[in-house]
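No lab work stands behind these numbers, since they all come straight from the coordinates. Keep in mind it's a predicted model, so treat the numbers as computed, not measured. Neighbour counts run over all protein chains shown; Cβ positions are idealised from the backbone, glycine included.
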Amino acid sequence: MAVSLTASGAAPQPDDAATELRARVERFVRTRVIPQESVLDAGGPAAGAALRELRSLARTEGLWALPLPAELGGGGLPFSVYAQLAEAEGASDHGPAALGSATLLDVTMLARHAGTRVRERYLEPLVSGEIRTCYAMTEADVPGTDPLLTGTRGGYAADGGWRITGRKWFTSGAGAADLVTVLARTSGAPGDREGLSLLLVPTDSPGFRIVRELPVLGAAGQYEIELDDVRVPGDHLIGEAGRALAVAGERLALGRTLRCLRWLGQAQRAFDLMCARAATRSGSRGALADHQLVQQHVFDALLALRTTRPLVHEAVALIAAGQDARTEVGLAKVAAARMLQQVTDSAIQVHGAAGLGPDTPLPALFRGGRAARILDGPDELHITTVARRILRDYGPQAVTPG
């Protein structure tokens, strides 16, 4: 299965097999996942049962864990190919979990940076969906854009393991997780680039507890957690001690790009709802689609989608090739977050009061768009870091443009 990337960085043109697979994923999300969204959003035993049923169906249909390693039970798709499916899969927030790709970041991190025992113990259960993981980086009293000030502490235990004390918040999925990767300072002082480490913590460890759930604009799934002298084995260190930022940076680049792909899928869903509403709704002054202001919403939303998609796939291509994608990921993240908020806002406007109520997914999609401008670093962080990186090339040492 091959794909080709255009020189402009536009979305690759998939071959027939990739096109067919994307259609199958899109159909599964539309007919299987989306009808279960209200149950899945509510949480509890009913949500757990619905998710198990969806995962069973995904396996039966040959759609389980498509981007995960084949030797671990996944589909083995390279990232460049999976990126063509991620947009369709991410049209629902529950798509990645239902189709088994939600663990891609953790599986990739552990496969590349964990020791032998951790890989042998956890990777296959992660791919199969038997266990769940989460990632704890941010803290209430530390600016999320400055991990160098991390207050959680990790130290050596007498038995050769680690002892961890601290508190994290906005830890996605911690309530149902079996493992949590914790960023902790294991040496040095606050502000030092060296001395931060990533430690894999089983959530049934003594001293680990869920402090509270933190709804995001009313949506569940985020948690505050506490680690009170939690002990973990010495081989549960991810990467090198004191060198967590390299691993975290690699994870963030992939994670941000995945989010962008999924935001494209959600924006496309909102766009389709808006166009369907405009095309079928009529009033005393004629069809909604004939109103110029409605046409303006449609045009602007389409323009946002069409101009954002190439930016995202430019980042995909660089990450798939193992190249530096920091600038491209920063551009894509800001553009995709803004685009999702803009498109869903237009869709709500065209729906009128119906767009504010429970009968469409638009309120949830809009909430996701607003949160997107803060998740994985606020817009301001990406704007300043990208601009500084670009401006360095125009400094005193740079060649003056001719």
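With a cut-off of 17 Å on the backbone N, the residues of segment 171-197 near the modelled label site 7 Å out from residue 146 along Cα-Cβ are 185, 189-194, 196. As a calculated quantity, the FRET efficiency between residue 394 and residue 243 at R0 = 35 Å, using C-beta atoms, amounts to about 0.65. Mind running the shape call on segment 133-238? Use the C-alpha gyration tensor, a ≥ b ≥ c as the square roots of the eigenvalues: rounded below 1.5 for a/c, prolate if a/b tops b/c, oblate otherwise. Verdict is oblate for segment 133-238. Summary of packing: across the peptides 388-395, 360-367, 158-165, the per-residue average of other C-beta atoms within 10 Å ranks them, highest first, as 360-367, 158-165, 388-395. Sparsely packed loop sites in segment 105-193 (the GluC sites (Glu not before Pro) outside DSSP H, G, I, E and B with at most 16 other Cβ atoms within 10 Å) comprise 130. Of 287, 325, 86, the residue with the greatest mean-square motion in the GNM of the chain, using alpha carbon springs below 10 Å, is 287.
Working from label points 7 Å from Cα in the Cα-to-Cβ sense, the residue 57 to residue 111 distance is 2.7 nm. From a point 7 Å beyond the Cα of residue 370 in the direction of its Cβ, which residues of segment 203-220 have a backbone N at a distance under 12 Å? Correct set: 216-219.
Spin-label pair residue 212-residue 15: with each label point 7 Å from Cα along the Cα-Cβ axis, the two points sit 5.4 nm from one another. If you take every residue apart from residue 87 with its C-beta less than 12 Å away from the C-beta of residue 87, what net charge results, scoring Lys and Arg +1 and Asp and Glu -1? Computed value for this residue: +3.
Here the relative contact order of the chain, from alpha carbon pairs under 8 Å that lie six or more residues apart, stands at 14 percent. Distance between the 7 Å Cα→Cβ label points at residue 324 and residue 159: 4.4 nm.
Test of understanding: what is the full-extension gain from residue 235 to residue 220, defined as 0.36 nm times their sequence separation minus their Cα-Cα distance?
Using 0.36 nm per residue and subtracting the Cα-Cα distance, I get 2.1 nm.
The magnitude of the dipole of the chain, with charges of +1 and -1 set on the Cβ of Lys/Arg and Asp/Glu and taken from the Cα centre, is near 460 debye.
Among bridges DSSP assigns within the chain, what percent are antiparallel (round to 5)? Just about 85 percent of them are antiparallel.
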